[in-house]
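See structure below.
The values are calculated or read from the model by the stated rules, or taken from the named source; none is laboratory data. In this text the structure is predicted, and so the values were computed from the model without any measurement. Every residue, glycine among them, receives a Cβ derived from its backbone with ideal geometry; neighbour counts consider all protein chains shown. Heavy atoms of the whole protein, side chains included, go into the accessibility calculation; ligands, DNA and RNA do not. Shrake-Rupley method; radii C 1.70, N 1.55, O 1.52, S 1.80 Å.
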Amino acid sequence: MQAVAEDLDCAVGTIYTYFESKAALLAALQAEAVETLLASYRTAAASWDPVLEEGEGLDPGLRALVHLQAFGAFFCAASVVLADEFHLQRLLLSERPPGSSATDQRRPMAVLERLFEIPRSLVDGAVACDVLEPGDTLERVVRWLAALDGVLLVDALAGVDRHLFRGQHHGRALTADLLVGWGADRADVEVAASHVDRLAAVGPLAPPPQGPGYE
């Protein structure tokens, strides 16, 4: 907190006026980061349906798989385009919160619940369309996002082998493999992936967020 105060050229007591602890400050930053990521996803998703409706359109099951893979592709793209926000999100799923009080330890859960909302709804929608087998949606989402957070770290090794250590490539493949593991047909997953490629060709998968507060 003292270091933050020095960077802001203010007294440390001023920071404590707004944030009671380091844990509270970090949670506020993570909450802001997650909202930015979600706003970017909503901005991208708003342009997807017109593209997917071109031609004969898609049946509900295939559309559900497209949206699941598109979210995974968005998540991978955000690791580069919104790197700071993505890093704060990654800390939520990989590091123990600072502080020792019960409040400090529980604080990140509200932010995690916001992070999980969209992927949970996408998984539930795919189950409702019978393209995924029923299962514990929350556990699936935790595994999915935590696995993506981990596999995207291989980008740090791009200087060693740029072809082998492609985080976004491995992230999209990971999403496809998880969907198959949850009951999706591999051929349908591959068709859905081709539609995600169409979406990526039309516009960025992790665009600057739009809406109130992002003008």
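Using Cα pairs under 8 angstrom and six or more residues apart, how large is the relative contact order of the chain, in percent?
Rounded, it is 33 percent for the chain.
With a sphere of radius 12 Å drawn around the Cβ of Arg114, what net charge do the other residues whose Cβ falls strictly inside it have (Lys, Arg +1; Asp, Glu -1)? Walk me through the numbers before you get to the answer.
Working: positive: Arg120; negative: Glu32, Glu35, Glu113, Glu117.
Summing Lys and Arg as +1 and Asp and Glu as -1 gives -3.
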Label-to-label distance, nm, for residues given as Asp177 and Phe165 (7 Å Cα→Cβ offset): 1.8 nm
Considering every Cα-Cα pair within the chain, what fraction, in whole percent, is farther apart than 25 Å? 45 percent
Sort Phe165, Phe75 by accessible area with a 1.4 Å probe, largest first. Phe165, Phe75
Starting from the residue with the highest accessible area, list Cys10, Cys76 in decreasing order, probe 1.4 Å. Cys10, Cys76
As a test question: what accessible area, to the nearest 10 Å², does His87 have when a 1.4 Å probe is rolled over all protein chains in place? 100 Å²
Using a Gaussian network model on the chain with a 10 Å cutoff between Cα atoms, which of Ala201, Ala64, Ala192 fluctuates the most? Ala201
Testing the spin-label approximation: label points 7 Å from Cα along Cα→Cβ at Ala187 and Arg120. State their distance in nm. 3.5 nm
With a 1.4 Å probe and all protein chains left in place, how much of the accessible area of the chain comes from carbon and sulfur atoms, in whole percent? 56 percent
Three-way shape label, the range 72-199, alpha-carbon gyration tensor, a/c 1.5: oblate
Calculate the spin-label point distance for Ala156 paired with Asp84, positioning each point 7 Å from the Cα along the beta-carbon direction, and give it in nanometres. 2.1 nm
Residues of the chain: accessible area per residue at 1.4 Å, in Å²? 53 Å²
Most fluctuating residue given options Val51, Val180, Val131, as computed from a GNM of the chain linking Cα atoms under 10 Å: Val51
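Determine the relative contact order of the range 95-215: mean sequence separation of Cα pairs under 8 Å and six or more apart, normalised by residue count, in whole percent. Walk me through the numbers on the way to the answer.
Details: 62 pairs, mean separation 20.5, N = 121.
Rounded, it is 17 percent for the range 95-215.
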For Val142, solvent-accessible area (1.4 Å; no DNA, RNA or ligand), Å²: 60 Å²
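Which of rounded, prolate or oblate describes the range 87-160 when judged by the alpha-carbon gyration tensor and an a/c cut-off of 1.5?
Values: a/c = 3.01, a/b = 1.20, b/c = 2.51.
Since a/c reaches 1.5 but b/c is at least a/b, the shape of the range 87-160 is classed as oblate.
Can you give the extra length, in nm with one decimal, that the chain gains between Thr103 and Glu20 once fully stretched, where that is 0.36 nm per residue apart less the Cα-Cα distance? Intermediate results must be reported in sequence, preceding the final value.
Working: separation 83, 0.36 × 83 = 29.88 nm, distance 1.14 nm.
The span from Thr103 to Glu20 would gain 28.7 nm if fully extended.
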